[in-house]
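Have a look at the structure below before the remarks.
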Amino acid sequence: NAGVIQTPRHKVTGKGQEATLWCEPISGHSAVFWYRQTIVQGLEFLTYFRNQAPIDDSGMPKERFSAQMPNQSHSTLKIQSTQPQDSAVYLCASSLDLSQNTLYFGAGTRLSVL
Amino acid sequence: DAKTTQPDSMESTEGETVHLPCSHATISGNEYIYWYRQVPLQGPEYVTHGLQQNTTNSMAFLAIASDRKSSTLILPHVSLRDAAVYHCILRVANQGGSAKLIFGEGTKLTVSS
């Protein structure tokens, strides 16, 4: 079991460019979560999927951010027209199902917007 | 979800048993108590969880007050690897409902040799 895999580990983009972050959940896990972490805001919930369907995106910024889960083996978080304030560590987590909240987190992708 | 209160930081020495407190005075009857920890450059790691009874696993012992308004995560014989930020989180665990975990600031545990 390789755990939750996030790629890339580090990404540097210029202001206005697009960034796509990838997450491969643990095989067999039906729920996938995205979080963002900064020193100022701490760990913030963004969105989550269950069986590939979006369930709760209440934490997603209204503009420029989107998440998808095209199949059970990966999810993507896309940020269009990146801004310096988007710089953060983006964490993906998966869980076996929603009846238990044991989330397993990946190591995160550190996004730096210059 | 009900709110938790934790001390900002605690210090310990290798080999000691550490007690990390968490206050949750407004906890609901169907809310579980979850503990996660996070070290720098890694994602949070599940430690343990419980509803009413004390629980134990290879990482820690979770003591839950009889009125459930507080809990204590007990780390026996801590090592340098136990230095982390420990988060106490309340969550209703039900299938089909919103299952997101809301993290607070947590307690930063420092372990010295």
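Could you check the spin-label model distance between A:GLN52 and A:VAL40? Points 7 Å from the Cα along Cα→Cβ, value in nm.
With each label placed 7 Å out from Cα toward Cβ, I get 3.8 nm.
If R₀ is 30 angstrom, what is the calculated FRET efficiency for the pair B:VAL92 and A:SER27, using the beta carbon separation as r and rounding to 0.05?
Details: r = 27 Å, r/R0 = 0.90.
Once rounded, the FRET efficiency stands at 0.65.
Which net charge results when you count Lys and Arg as +1 and Asp and Glu as -1 among the other residues whose beta-carbon is under 14 Å from that of B:LYS108? Write out the running numbers ahead of the final one.
Numbers: positive: B:ARG37; negative: B:ASP8, B:GLU11, B:ASP82, B:GLU105.
Net local charge, B:LYS108 excluded: -3.
Could you put B:LEU80, B:LEU90 in order, starting from the residue whose Cβ has the fewest other Cβ atoms within 10 Å?
On the way: B:LEU80 10, B:LEU90 20.
Least to most surrounded, the residues fall as B:LEU80, B:LEU90.
Nothing charged except the Cβ atoms of Lys and Arg (+1) and of Asp and Glu (-1): what's the magnitude of the dipole of the protein assembly as shown about its Cα centre? Round to the nearest 20 debye.
Working: 17 positive and 18 negative charges, 91 e Å.
Using Cβ point charges on Lys, Arg, Asp and Glu, the protein assembly as shown gives about 440 debye.
What relative contact order, as a whole-number percentage, does segment B:1-52 give when Cα pairs under 8 Å and 6 or more residues apart are counted?
Working: 47 pairs, mean separation 15.6, N = 52.
In percent, rounded to a whole number, it is 30.
May I ask you to compute the full-extension gain from B:LEU41 to B:MET10, defined as 0.36 nm times their residue separation minus their alpha-carbon distance, rounded to one decimal in nm?
Values: separation 31, 0.36 × 31 = 11.16 nm, distance 2.05 nm.
Stretched out fully, the B:LEU41 to B:MET10 stretch lengthens by 9.1 nm.
Assign unit charges at the C-beta atoms only (+1 for Lys and Arg, -1 for Asp and Glu), then state the dipole size of chain A relative to its Cα centre in Debye, rounded to the nearest 20.
Values: 9 positive and 8 negative charges, 62 e Å.
In total the dipole reaches around 300 debye.
Whole-Hz ³J(HN,Hα) for each residue in segment B:31-47, computed from phi via Karplus 6.51 cos²θ - 1.76 cosθ + 1.60 with θ = phi - 60°, x for glycine and proline: what do you get?
9, 8, 9, 10, 10, 10, 9, 9, 9, x, 6, 9, x, x, 10, 5, 10
Explain nothing, just the number: relative contact order of segment B:47-113, from Cα pairs under 8 Å at least 6 residues apart, as a whole percent. Can you show the working numbers first?
Numbers: 84 pairs, mean separation 15.3, N = 67.
With pairs under 8 Å counted, the relative contact order is 23 percent.
On a straight-distance basis, which aspartates and glutamates could pair with B:LYS69 in a cross-link, Cα separation under 13 angstrom, same-chain partners fewer than 8 positions away excluded?
Within the straight-line cut-off, B:LYS69 pairs with B:GLU31.
In Å³ and rounded to a whole number, note down the convex hull volume per residue for the Cα atoms of segment B:1-66. Please report the intermediate quantities before stating the final value.
On the way: hull volume 8.1 nm³, N = 66.
In segment B:1-66, the Cα hull volume divided by residue count equals 123 Å³.
If the cut-off is 20 Å between C-alpha atoms, which lysines fall inside it for A:LYS15, apart from same-chain ones fewer than 8 positions away?
Cross-link targets: A:LYS62, A:LYS78.
How large is the dipole of chain B about the Cα centre if only Lys and Arg carry +1 and Asp and Glu carry -1, each at its Cβ, rounded to the nearest 20 debye?
Values: 8 positive and 10 negative charges, 64 e Å.
The calculated dipole for chain B is roughly 300 debye.
Residue by residue through segment A:89-95, which ³J(HN,Hα) values in whole Hz follow from phi under the Karplus form 6.51 cos²θ - 1.76 cosθ + 1.60 (θ = phi - 60°), with glycine and proline marked x?
With coefficients 6.51, -1.76 and 1.60, one gets 9, 9, 10, 10, 9, 9, 9 Hz.
Write down Rg/Rh for the protein assembly as shown, rounded to two decimals, with Rg from the C-alpha atoms and Rh from the Kirkwood relation over Cα pairs. Spell out each step's value before the answer.
Numbers: Rg = 17.9 Å, Rh = 18.3 Å.
Computed over Cα atoms, the ratio is 0.98.
Grab the Cα-Cα distance for B:SER23 and B:ILE102, subtract it from 0.36 nm times how many residues apart they are, and report the gain in nm with one decimal.
26.9 nm
With unit charges on the beta carbons (Lys and Arg positive, Asp and Glu negative) and the dipole taken about the Cα centre of the protein assembly as shown, which residue among A:PHE49, A:TYR104, B:THR48 sits farthest to the positive side?
Among A:PHE49, A:TYR104, B:THR48, the one farthest towards the positive end of the dipole of the protein assembly as shown is A:PHE49.
Rule-based calculations on the coordinates, nothing more; no lab input. All values reported here derive from a predicted model rather than from experimental measurement. Don't worry about glycine lacking a Cβ; one is built from the backbone with ideal geometry, like all the others, and counts go over all protein chains shown.
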